[in-house]
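Structure, as structure tokens:
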Amino acid sequence: MSKAGKPSRRSVLAAGAAVTAFNILPSGSFAAKGDKKKGTKKPKTKKPKTFSQIEKLPPNERLNIAFIGAGGKGSSDIKGCSAHNIVALCDVDLDRAAPTIKGCPEAKLYRDWRVMLDKEYKNLDAVVVSIPDHSHAVATMAAMQRGLGVYCQKPLTRTISEARIITAAAKKYGVVTQMGNQGHSNDGTRMGVEWIQAGVLGEVREVHCYTNRPIWPQGIVRPPAEPVPSTMDWDLWLGPAPKKPYSSQIAPFKWRGYWDYGCGALGDMAAHIMDQPVWALGLGAPESVEVEFERENPASAADTFPVSTIVTYTFGARGKLPPVTLKWFDGQNRPPIPDALKDAKLDKGGGIFYYGSKYNMMQTIYGQSIRIFPEADMQEVARSGKLPPKTIKRAGGQDKHYDEWLAAVKANDPSMAMSNFDYSGPLTEIMLLGCVAARCGSGTKLKWNSKKMTTNNDVANRYVNHEYRKGYSL
């Protein structure tokens, strides 16, 4: 490590964007106005707690949106878009979705998103997909095939083959897309990209990313079957996944750790944390990935991700940019803490360390603040007058991630949504390659041929590709 298509309705809607400045804070952190930063005072504004408290746009500026997933994360996604018309809601769990359904009395209610899209797509401009990972691809594809813009929660897909197909489909159908990695819209994230790409840190050859996830069970065997609640359609929840018994220890929340449904800590948080170095360093497909972990219960390998992993990605040189080693630490694992930060209060939830030939830098989980360390270097950079100008349009913070996408839908311009599938599809592939390695076992090292979507491991190649049960396809 060194020192360091549906333009007719949307064409009448106007698009807008806001550009904000950044502050150099006395503590040595850099944060963008509008981004959340601990220790900084912001004007107190009351956030609406219910859908009815959210102010609607004028009628001629509203989009018509349907939501696949109304409980859990779906509820917050709906709030993020509630200035527009909530035309339809779809959820398989009426109990969990009940508060949202009650708060959106004018929305039509469906249990099966396939039925909803067939009946409603002519009245829609866009769809938000907020269901478990294993159903992301099929729902997203169905919406795009109908010419609708799509906001899909992270990770974009459960498998690499799905990500590749969905990325190509977004181009084919010319629709506006966005993945739900909201930190991509933080002003601090975009400022960090500008700094790194302008060479403020010098050559960056090593990056460490960490998270405290999972906060759900992993390293366990599948629990016993239970009766399906009367308010849930378990078959629809399974969607394209293999037909297996219901358990309250899986749905509605604890599914992320299961191979059949989720992508573990990598799928949950790398979309946020790895997003920043992938964007800033222009990282394409990795050349290799290697995974290390321990399993207390070997039988759990058939069902769930390990509790904690360390994943090492190697990326080749990109033009004049040097090769990069990116290490991912999750669960109980943490990266080495630099001496300059031994006494600092680091975010227990996660973050990023960049090691450059000129300076080293840390960044928070969602990118909202950046700090060069040690402190003397931070002050040197702050006073240098050589910080790069803004070159990336500002969204105004992670709460504006929806607005960026909605403005792009209005303008029918996919490029305006900066985590569109052109970008987030390849990012998802990087993340999921680590998941494939983890499924093959500790000590697995995969060499990756991105063009052919194959590795040097026949078992891994099976996990690269998706397989659906009857009734679902891409």
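Read-outs: derived from the displayed coordinates by stated rules, not from any lab. All of these numbers come straight from a predicted model, not from anything done at the bench. No Cβ is skipped: glycine too gets one built from the backbone with ideal geometry, and neighbour counts run over all protein chains shown.
Key figures
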quantity	calculated
Percent of Cα pairs exceeding the 21 Å cut-off, where the set is the range 158-278	58 percent
Calculated diffusion of the range 361-474, Stokes-Einstein form, Kirkwood radius summed over Cα pairs, 10 °C and 1.306 mPa s, µm²/s	86 µm²/s
Inverse of mean 1/r across different Cα pairs in the range 337-405, Kirkwood, Å	14.1 Å
Shape of the range 247-346, Cα gyration tensor, a/c cut at 1.5	prolate
Cα-based shape type of the chain, given that a ≥ b ≥ c are square roots of the gyration tensor eigenvalues and the cut on a/c is 1.5	oblate
For the range 54-186, Kirkwood radius (reciprocal of mean inverse C-alpha pair distance, Å)	14.8 Å
Burial ordering of I101, I131, fewest other beta-carbon atoms within 10 Å first	I101, I131
Hz values of 3J(HN,Hα) by residue in the range 127-132 - Karplus curve (6.51, -1.76, 1.60), Gly and Pro given as x	9, 10, 10, 9, 10, x
Amide proton proximity set for S369, modelled H, under 5 Å, gap of 5+	T364
Dimensions (Å) - the range 273-426, Cα atoms, principal axes, largest first	51, 45, 34
Packing-based exposure ordering (other Cβ within 10 Å, fewest first) of T211, T231, T157	T231, T211, T157
Among beta bridges that DSSP assigns inside the chain, antiparallel share in %, nearest 5	60 percent
Under Karplus coefficients 6.51, -1.76 and 1.60, residue-wise ³J(HN,Hα) of the range 221-226 in Hz, glycine/proline x	8, 4, x, x, 5, 10
For peptides 76-87, 286-297, sequence by mean Cβ density within 10 Å, most packed first	76-87, 286-297
Cα convex hull of the range 129-187, projected area averaged across orientations, nm²	3.9 nm²
Violating pairs (Cα-Cα greater than 18 angstrom) within the set K154/K327; K358/K386; K122/K410	K154/K327
Global geometry of the range 310-377, whether rounded, prolate or oblate, following the gyration tensor of its Cα atoms and the 1.5 cut on a/c	oblate
Under the Karplus curve 6.51 cos²θ - 1.76 cosθ + 1.60, θ = phi - 60°, whole-Hz ³J(HN,Hα) for the range 209-220, x wherever Gly or Pro sits	10, 9, 8, 8, 5, x, 10, 9, x, 9, x, 10
